[in-house]
Structure formats: structure tokens, C-alpha cells
Amino acid sequence: MKKIVNEILKEEIFYEKLENGLDLYFMPKPGFTKKYAILATNYGSNELEFIPIGEDKKIRVNEGIAHFLEHKMFEQPDGGNAFDKFSKWGASANAFTNFTMTAYLFSATENFYESLEHLIDYVQTPYFTDENVEKEKGIIEQEIKMYNDDPDWNVYFNCLKALYVNYPVRVDIAGTVESIYKITKEELYKCYNTFYNPGNMALFVVGDLDAEKVLNSVKKVNNDDVEKLSHEIQRFYPNEPKEVNKKEILAQFPISMPVFNIAFKDDNVGIKGKELLRKEIVTEILVDIIFKRGSKLFEDLYMKGLINDNFGGGFSSQVDYAFTIIGGESRNPREVKKIILDYIEKYKEEGLNKDEFERVKKKKIGNFLKYFDSVNFIANNFLSYNFKDINLLDYLDELKSIKFEEVDARLKSHLKEEYCVISIVEPTTK
């Protein structure tokens with residue numbers, strides 16, 4: 001296995017591309033009790049239009065199918081459930097689907113290699129029938145309805161619908177009740193065969209383990225009969241204008257206090273690798289300076305009684321889309337938005353505080369080093385970055401080299417009123 005070393009972090013990663021194209025990464029963590037593995041595919045809810053493997057025409061699949069597929073992967077041909085074996089070995093297993101990635105994972109303190117082999121085996125063994133697909137629709141319908149009743153979920157997705165005109169990030173990851181009832185086993189197999197090809201997947205293992213044993217366990221069960229992916233999967237996304245879709249979306253729920261999301265659409269997209277990583281870090285620092293607890297804006301809004309401790313912001317970034325989002329509770333969300341925009345204009349005129357920049361940057365360095373004590377953080381973030389052509393081990397080097405002038409310039413280019421939207425969920429009127 002090839003070894004990648006980062007001298008600053010004092011960490012090393014072993015890497016090997018297997019015969020069928022699967023990328024295997026292993027990070028040894030001597031002395032750690034917990035061991036963790038995550039097997040992920042570069043495929044999420046945004047992938048609605050693509051050319052299936054072995055075909056030459058583009059298709060459009062039903063919304064929510066990536067999430068539906070994740071649910072079905074646990075059902076085994078023998079009638080059992082993949083979770084059963086994990087439980088028998090004392091491992092804790094889970095899975096998740098987001099906009100760009102689907103992942104299957106487990107953590108364990110014992111019987112790790114058995115659990116690792118099982119993880120790879122069940123993800124490589126799809127079992128879809130007309131009957132089990134129909135049965136799953138009712139389960140996912142209940143999940144969708146549960147989220148539809150959640151004001152925080154609604155305020156977030158309404159915010160994305162306000163930001164984006166066409167891009168599928170505006171669509172709920174689970175789809176709609178109507179869309180999931182159109183899903184068939186044939187459609188699931190097309191998605192599985194296209195996106196669950198090992199050449200579109202990566203496995204990350206971390207813990208107090210032996211590199212050769214990890215490699216041998218993976219090779220033992222890895223399916224080499226799968227036709228190796230010899231080309232990039234052809235994915236299609238609709239053209240997205242720079243402009244936002246709607247400046248405001250309002251909804252009502254039986255809550256006592258309005259909740260809100262304020263977001264800024266990023267028009268600097270279509271980049272990947274270190275350029276994307278640098279943009280992410282610069283924007284994260286900017287967001288922390290302006291919006292995080294302890295900032296002048298936070299203290300002003302708090303002292304005026306316009307926000308509480310739930311207020312906060314963050315930057316969400318992928319290759320083809322990105323946005324800064326700020327959320328919280330307030331009796332007057334529109335006034336919060338007005339004050340935020342006023343502060344941004346003031347910072348643009350007067351400039352950011354360099355001492356504040358240094359403080360935030362130093363804190364981010366400390367937090368990042370602390371996160372490397374979490375095997376979950378390392379593995380999940382490594383694969384998420386990996387699919388954007390970014391090496392997580394480069395993060396600290398890039399962070400340390402960020403200059404104040406870059407953050408000041410990003411303030412002017414990104415946080416623009418014309419690209420700002422607000423989503424509000426207010427109490428139901430009687």
C-alpha cells in the first residue's frame with residue numbers, strides 16, 4: 001500500500017486502488033479503542049439525470065431514489081437484515097444519504113475484521129424485489145411526513161428553494177410521497193449498477209489496526225467480478241442562473257416562536273481540488289468573524305432581544321453549488337436580516353478587524369487538531385472531501401496559509417444583498 005504522510009499533523013494514511021477500482025484508505029490510530037469504517041459512493045440525491053452503465057441515452061429518475069436505495073441495501077437475499085450481524089458482533093452500524101454522497105458505516109471495539117468484511121459484502125449484494133420495494137414505500141412515506149411536520153426541516157428546504165431556480169439541491173433528499181411511489185426495482189438496479197460501481201466508491205478505515213490485515217480483509221470479500229468503471233459517469237444538471245429564485249418564502253407551523261434561515265447564494269462555483277478547499281476555508285473564517293457567538297453582530301442582535309443562543313451560521317460547499325446560511329429563532333426575522341445586511345455593508349466600507357481574523361484562524365487551527373481525536377470526523381470528512389478531489393490532510397496547511405486580505409475580498413464578492421434570501425416559519429395564525 002502507498003503511504004501518504006503529513007508531518008504537521010503527524011498522521012499517515014495507507015492507500016491502494018483495488019483491481020475493481022475501489023479506493024481503499026487506512027489511517028492507523030495506535031492506542032485508540034474505537035475502530036471505524038465507512039464505505040461511500042459518490043452519489044447522492046442530486047443525481048437525477050445520468051446515462052446508466054451499459055446504455056447510451058440519458059434518463060431522469062424519480063426524486064428521492066438515492067435515499068430509497070440506501071434503505072433497501074440492508075435487506076438481504078436470505079430474508080435477514082444487514083444490521084443483525086453487526087449487532088451479533090457488538091458493532092454499531094448506520095448509513096446516510098445527503099445531496100452528493102451515500103455512505104454505509106460502523107464502529108466497533110471488537111470483531112472489527114468480521115464487521116468490515118460484512119460491510120463490504122452486504123453493500124455489494126443488492127436485493128430488490130417488487131414486493132420488498134413496495135413494502136419500503138410505506139416506511140419512507142412515514143419518514144417524509146415526519147420531516148414535513150418539522151419546522152426546522154421546512155425552514156431549511158424552503159431556504160434552498162428560495163436560493164435555487166433549477167438545481168436539484170432544492171429538492172428534499174427523501175423526495176416526495178408522490179415521487180417515491182413511482183420507484184421500481186428496475187429503476188433501483190439501474191442506479192445501483194451505475195453509481196455503486198467500485199470505481200465510483202471509496203472505503204476509509206481508521207483505528208488501532210494492522211494495514212496488511214485491513215487490506216487482506218477487504219480483498220477477501222471485495223467483488224472483483226464487477227466490470228471496472230472505465231469512464232466518468234455522465235451526470236447532467238440543469239443550468240442554474242446566478243440570480244436567486246425568490247427573495248422570501250413564508251410558511252406557518254404550530255410553534256411559539258418564528259424560526260428563520262437567511263442565506264447567500266455563491267456564484268463562484270465549478271471549481272474543485274485545492275482551489276475549492278481554499279475558498280471553503282476563507283468563507284468559513286469570514287462566517288465565523290461576522291456571525292459566530294462573540295461577534296459584534298451576535299452581541300448586538302442578542303442585546304436587542306432579536307435572537308437567542310440558537311443563532312449561528314455556516315458555509316455549505318460542493319463543486320457546483322455553495323451557500324452561506326444563517327439560522328435561528330426570532331420574533332422579528334426580517335429585522336434580523338436588515339441588521340445583518342447593514343453590518344455587512346459597514347464591514348465592506350470599513351474593512352474587517354485583523355485581530356478578529358487572527359483569533360478566528362487560531363481557533364479553527366485548534367479545533368481542527370482536536371477533531372483528529374475523532375475517528376468518525378476523520379473518516380467521514382476524508383471521503384466527503386475525497387469526492388471533491390481534496391485531501392483532508394491538506395486542510396491544515398491551507399488554513400495556516402490563509403491571509404487576511406483573502407477573507408476581506410471574499411466578503412465583498414460573496415455576501416451580496418442581491419443574492420440574499422430569507423425563509424421564515426412563523427406561528428400558525430388562529
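Working carefully through the options I140, I144, I120, find the one that is aliphatic (A, V, I, L, M), more than 30 Å from R170 (Cβ to Cβ) and open to solvent by less than 30 Å² (accessible area, probe 1.4 Å). Exactly one of I140, I144, I120 is aliphatic (A, V, I, L, M), more than 30 Å from R170 (Cβ to Cβ) and open to solvent by less than 30 Å² (accessible area, probe 1.4 Å), namely I120. For F106, the conditions (1) open to solvent by 10 Å² or more (accessible area, probe 1.4 Å); (2) farther than 30 Å from P238 by Cα; (3) aromatic (F, W, Y) all hold with the exception of (1).
Comparison of K213, K182, K190, K220 shows that the only residue that is more than 30 Å from V259 (Cα to Cα) and outside any helix (DSSP H, G or I) is K182. Of all residues in the range 147-170, exactly one satisfies the criterion of being open to solvent by 30 Å² or more (accessible area, probe 1.4 Å) and β-branched (V, I, T), namely V165.
With respect to (1) surrounded by fewer than 21 Cβ atoms within 10 Å (Cβ to Cβ); (2) more than 24 Å from the chain's Cα centre (by Cα), the lone exception for E232 is condition (2). When the residues of the range 271-291 are filtered to those that are open to solvent by 50 Å² or more (accessible area, probe 1.4 Å) and in contact (Cβ under 8 Å) with a residue 60 or more places away in the chain, the one that is nearest to K403 (Cα to Cα) is R278. Summed over the range 373-412, residues that are open to solvent by 50 Å² or more (accessible area, probe 1.4 Å), in contact (Cβ under 8 Å) with a residue 24 or more places away in the chain and within 25 Å of I289 (Cα to Cα) total 4. Residue pairs whose Cβ atoms lie under 7 Å apart, sitting 6 or more positions apart in sequence or on different chains, and linking a residue in the range 250-261 that is over 13 Å from P333 (Cβ atoms) to a partner that is outside any strand (DSSP E or B) and open to solvent by 40 Å² or more (accessible area, probe 1.4 Å), are Q252/T428; Q252/T429; F253/T428; P254/T428. Out of all the residues in the range 264-278, which are of a type in the set (A, V, I, L, M) and in contact with an Asp or Glu (Cβ under 9 Å, 6 or more places away or on another chain)? Listed by number, the residues that qualify are V269, L276, L277. Contact map, the range 172-187: first residue more than 12 Å from I140 (Cβ to Cβ), second residue of a type outside the set (S, T, N, Q) and open to solvent by less than 30 Å² (accessible area, probe 1.4 Å), Cβ cut-off under 8 Å, separation 6 or more or different chains; pairs are T184/V133; K185/F128; K185/V133; E187/V61; E187/I65.
Of all residues in the range 87-105, none that is without any contact (Cβ under 8 Å) to a residue 24 or more places away in the chain and part of a strand (DSSP E or B) has its Cβ atom under 8 Å from the Cβ atom of a residue that is of a type in the set (D, E) and surrounded by fewer than 20 Cβ atoms within 10 Å (Cβ to Cβ), 6 or more apart or on another chain.
Counting only strands (runs of 3 or more DSSP E) that sit completely within the range 1-76, those holding 2 or more residues that are over 20 Å from F96 (Cα atoms) and touching a residue at least 40 places away in the same chain (Cβ under 8 Å) correspond to 2-6, 11-17, 23-28. Looking at the range 376-387, can you tell me whether even one residue there is outside any helix (DSSP H, G or I) and either under 30 Å from I233 (Cα atoms) or within 21 Å of the chain's Cα centre (by Cα) (or both)? Taking every residue of the range 376-387 in turn, at least one turns out to be outside any helix (DSSP H, G or I) and either under 30 Å from I233 (Cα atoms) or within 21 Å of the chain's Cα centre (by Cα) (or both).
The values are calculated or read from the model by the stated rules, or taken from the named source; none is laboratory data. What you see is a predicted model, and the numbers here were worked out from it, not measured in a lab. Backbone-built Cβ (ideal geometry, glycine too); neighbour counts: all protein chains shown. For accessibility, only protein heavy atoms count, side chains too; no ligands or nucleic acids. Shrake-Rupley method; radii C 1.70, N 1.55, O 1.52, S 1.80 Å.
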